[in-house]
Amino acid sequence: MKILILGATGFIGSAILQRLAADGHRITGLGRNPDRAGLKWPSARWVKAHLAQLPATAWHPLIEDQDVVVNCAGALQDGLSDDLAATQEKAMLALYQAARALGGRRIVQISARTDGAAAGLPFLATKRRADEALAASGLPFVILRPALIIGRNAHGGTALLRSLASFPGPLPLIHGKRPVETVSLDDVTTTVSLAVEGTIPAGSDLDLAAEQTMTLSDLVQQHRAWLGLPTARIVPLPAPLAKPVAWAADLAGRLGWRSPLRSTAMTVMSEGVRSTRPKPPGLFLATATQTLAAHPSGVQDLWFARLYLLKPVVILTLSLFWLLSGLIPLLDVRAAAAHFPPAMPVTFTLAMTVATCLLDILLGSAVLIRPHARKAMLAMIVTSLAYLAGGTLLEPQLWLDPLGVLVKVLPSIALTLVSLAILDER
């Protein structure tokens, strides 16, 4: 069959793509930035599109030669990079309308539990309205609602689990006693395969969760053992501490960083992750214990877990370094300009000092904005090398300065290279 996968470059979508391609289906993947995905999975045809910006008229040509549409697209919260209403609701309504106009297409929708404490938040409210519209559309559909997904790779909540498990010393946890149900990513892809083939009947609305229910604390400890680390003492933190953490994560989200600690995730976790709907009949779903045992960890998993915790620290440190490098000289511009040779005109040295300070402030600010971060980091490296070359030519004795004026630029370049290395989210 010909299958269109929305969100095919994501954690769930890419796994479903691989499974359906292995089943022999002809896959078209849709994503915002599918260039790297096209290199990894060249057998699929790729369409570059942003669902939030896709006009309703674009759906007809997208799906007219497709037999099934699998929707894996979604976002946790509104932010600089995401518009929930446009992506999870408006785009889906336009899809359903186009599918009806073409005589019907089977829709397999990856959704979530849309009731509970977070039911009124945009993440679940937009999903719920899209699910209700799909159920009322008359199209053949299957809605699947996975619990916390555990797989060989990690993203979002599972990445956070691994990073918490790698925390040195006692493990600080909020909502540590809340129940959490999980499902294997392999079982999600298997269920989608069954839905595509029609083994799961149209009109099904199913939860995907293994029978095993664990507390968040137990799940973190299990991941710690998976990483090869000894059991650590859990330090329960009061629930109100979630608010400042979520506030900081939401602010990062406004700048385009998709933190799993945003307020939506915290609200969901405040009551745990539980299933309420029927599960696929006759299908065995692996527990978290079985899933982790089937995918032994390597040293790369430990590196990822530790670096995931350090990533925001690294980027904030890099930003502060450049912001302070630009702001501090502005407190005494003439003293900063004194490093230029005396023969140079005063107006020129003052102008150059102010210009370089403003450049440092610009780069220190730009690196905090996710869509601009990579370009800002590359510009930081080029600017740092230019500063080293200029300083060496104009005042080479700065290399011997007790405060390490030029020497300190070298670790900043190294920090920038580390930031570039861990910048990718997928």
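Here are the numbers:
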| item | result |
| --- | --- |
| Cβ-Cβ under 9 Å pairs, at least 6 apart or on other chains, the stretch 380-394 side without any contact (Cβ under 8 Å) to a residue 60 or more places away in the chain and within 20 Å of THR317 (Cα to Cα), far side open to solvent by less than 60 Å² (accessible area, probe 1.4 Å) and of a type in the set (Ser, Thr, Tyr) | ILE381/THR416; THR383/THR356; SER384/SER412; SER384/THR416; TYR387/THR356 |
| Cβ-Cβ under 7 Å pairs, at least 6 apart or on other chains, the stretch 83-108 side among the acidic types (Asp, Glu), far side surrounded by 20 or more Cβ atoms within 10 Å (Cβ to Cβ) | GLU89/THR126; GLU89/ALA130 |
| Count of residues meeting criterion [in contact with a strand residue (DSSP E or B) (Cβ under 6 Å, 6 or more places away or on another chain), outside any helix (DSSP H, G or I) and farther than 20 Å from ALA265 by Cβ] in the stretch 106-143 | 9 |
| Which listed residue is out of contact with any strand residue (DSSP E or B) (no Cβ under 8 Å at 6 or more places or on another chain) and open to solvent by 30 Å² or more (accessible area, probe 1.4 Å), from THR347, THR353, THR383 | THR347 |
| Meets criteria (of a type in the set (Val, Ile, Thr), farther than 30 Å from ARG374 by Cβ and either in a loop (DSSP other than H, G, I, E, B) or at pLDDT below 90 (or both)) for THR289 | no |
| Residue in the stretch 393-421 that is nearest to ARG306 (Cα to Cα), counting only those that are open to solvent by 60 Å² or more (accessible area, probe 1.4 Å) and among the β-branched types (Val, Ile, Thr) | VAL418 |
| Qualifying residue in the stretch 262-270 (condition: surrounded by fewer than 16 Cβ atoms within 10 Å (Cβ to Cβ), touching a residue at least 40 places away in the same chain (Cβ under 8 Å) and out of contact with any Phe, Trp or Tyr (no Cβ under 6 Å at 6 or more places or on another chain)) | yes |
| Close pairs from the stretch 150-168: first hydrophobic (A, V, I, L, M, F, W, C), partner part of a loop (DSSP other than H, G, I, E, B), Cβ under 8 Å, at least 6 apart | ALA159/PRO260; LEU160/PRO260; LEU160/LEU261; LEU161/ALA154; ALA165/LEU227; ALA165/LEU229; PHE167/ALA232 |
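The values are calculated or read from the model by the stated rules, or taken from the named source; none is laboratory data. Because the structure is predicted, anything quoted here is derived from the model rather than measured. For neighbour counting, all protein chains shown are included, and Cβ atoms are generated from backbone atoms with ideal geometry for every residue, glycine included. Only protein heavy atoms, including side chains, enter the accessible area calculation; ligands, DNA and RNA are left aside. Shrake-Rupley method; radii C 1.70, N 1.55, O 1.52, S 1.80 Å.
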